[in-house]
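Colleague: The structure under discussion is supplied below as structure tokens; questions concerning it will follow.
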Amino acid sequence: MKQLPTATAAELKISFVGAEAGTAFDALELDREEGRARVVHFWDRPVKSADGAIGLPLLKHGLILRLRRDEAGPGSKHKADLTVKLRPCTPLPGPWQEEREEENWEYRIEEDRAGPDFAAVLAASLEVDRKFDEALDAERGSLGDLVTKPQLELLEAADADGEDLDALTALGPVHAVKWKQDWDGLPGSVAIEEWTTDGGLRFLEVSVRADAADAPRVQDLLGQGLRDRGLTPPQAGDTKTRAVLTALARELLR
């Protein structure tokens with residue numbers, strides 16, 4: 001019988017956009033040479049309506065397909081991974097109601113809590129390691145061959161297996177740099193990730209993972225940690241994934 005999984009962990013996120021992202025970058029004393037640089041692509045079926053509105057059918061139905069790889073060049077780890085993410089997660093059969101991990105993949109269930117309201121959204125994601133060269137090939141062509149059997153099984157379990165993966169459109173590149181910092185009072189490391197696009201969009205997301213039961217307390221600590229560094233958490237905004245995908249699709253469909 002299908003039912004919603006239960007998340008025991010939460011990821012709390014606060015995002016800065018545009019000029020505010022630049023201010024946050026400086027306040028957090030970030031150096032791109034010290035972060036991990038990756039290239040990110042997404043796949044969807046972008047459409048543009050007569051009034052110019054951008055539609056992203058997969059994202060609208062809670063399905064995210066994301067490919068990440070290290071930037072090529074000296075010092076690159078030449079690693080890549082492909083993630084199938086359900087957000088919000090739909091009811092799933094028994095095998096997909098608990099987290100699990102195999103040699104080259106991890107299935108995670110958690111609450112996504114993005115500021116400013118930090119509403120809990122249940123998410124399930126299956127991240128699989130892929131070969132670097134295969135990731136490069138997928139960016140230039142079809143996603144279909146890169147999706148693994150466990151990921152196809154997850155799509156089927158979520159009744160999301162009706163998509164022709166080879167017919168989807170790649171949206172990217174997004175240039176990402178990620179850092180980790182230790183802040184007093186917060187559980188584990190604080191992750192900081194900058195996303196930029198060739199079209200000039202810029203995001204900076206600050207996030208931390210915590211027990212779901214402790215999320216309200218940790219979100220206050222995260223906000224206070226930003227204020228201690230001279231930053232005021234934004235009072236409005238969209239998730240960086242939705243904003244970036246919309247901007248990339250708009251540029252593609254011009």
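Colleague: Quick check on the chain: helices-only [θ] at 222 nm, where DSSP H runs of length 4 and up contribute -39,500 (n - 2.57) each and the sum goes over total residues. Nearest 500, please.
Modeller: -6500 deg cm²/dmol
Colleague: Treating only the Cβ of Lys, Arg, Asp and Glu as charged (+1, +1, -1, -1), what charge dipole size does the chain show about its Cα centre? Round to the nearest 20 debye.
Modeller: Here the size comes out at about 580 debye.
Colleague: Per q in 0.09, 0.12, 0.16 Å⁻¹, report the Debye log10 I(q)/I(0) for the range 9-252, using one uniform scatterer on each alpha carbon and no solvent.
Modeller: Values, matching the q order: -0.39, -0.72, -1.33.
Colleague: What distance in nm separates the simple spin-label points at residue 87 and residue 3, each placed 7 Å from Cα in the Cβ direction?
Modeller: My value for the distance between the label points is 2.6 nm.
Colleague: Magnitude of the Cβ-charge dipole of the range 59-209, K/R +1 and D/E -1, about the Cα centre, nearest 20 debye?
Modeller: Using Cβ point charges on Lys, Arg, Asp and Glu, the range 59-209 gives about 420 debye.
Colleague: Average projected area of the Cα convex hull of the range 65-112, in nm²?
Modeller: Values: hull surface 18.5 nm².
Average of the hull's projected areas for the range 65-112 equals 4.6 nm².
Colleague: Counting pairs of alpha carbon atoms under 8 Å apart in space and at least six apart in sequence, what relative contact order in percent does the chain give?
Modeller: 28
Colleague: As an exercise, use a Förster radius of 25 Å and the Cβ-Cβ distance of residue 145 and residue 47 to find the FRET efficiency, rounded to the nearest 0.05.
Modeller: Efficiency for this residue pair is about 0.50.
Colleague: Can you list the lysines whose alpha carbon is less than 18 Å from that of residue 85, not counting same-chain residues fewer than 8 positions off?
Modeller: 2, 13, 60, 149, 240
Colleague: A further question on this structure: Between the range 15-83 and the range 228-254, how far is it from one alpha carbon centroid to the other, in angstrom?
Modeller: Between the Cα centres of the range 15-83 and the range 228-254 lies a distance of 10 Å.
Colleague: A further question on this structure: About the Cα centre of the range 1-125, what is the dipole size in debye to 20, counting +1 per Lys and Arg Cβ and -1 per Asp and Glu Cβ, all else neutral?
Modeller: 620
Every read-out reported here was derived from the displayed coordinates using simple, explicitly stated rules and does not represent laboratory data. Owing to the predicted nature of the structure, the values given are computational and were not obtained by experimental measurement. Neighbour counts run over all protein chains shown; Cβ positions are idealised from the backbone, glycine included.
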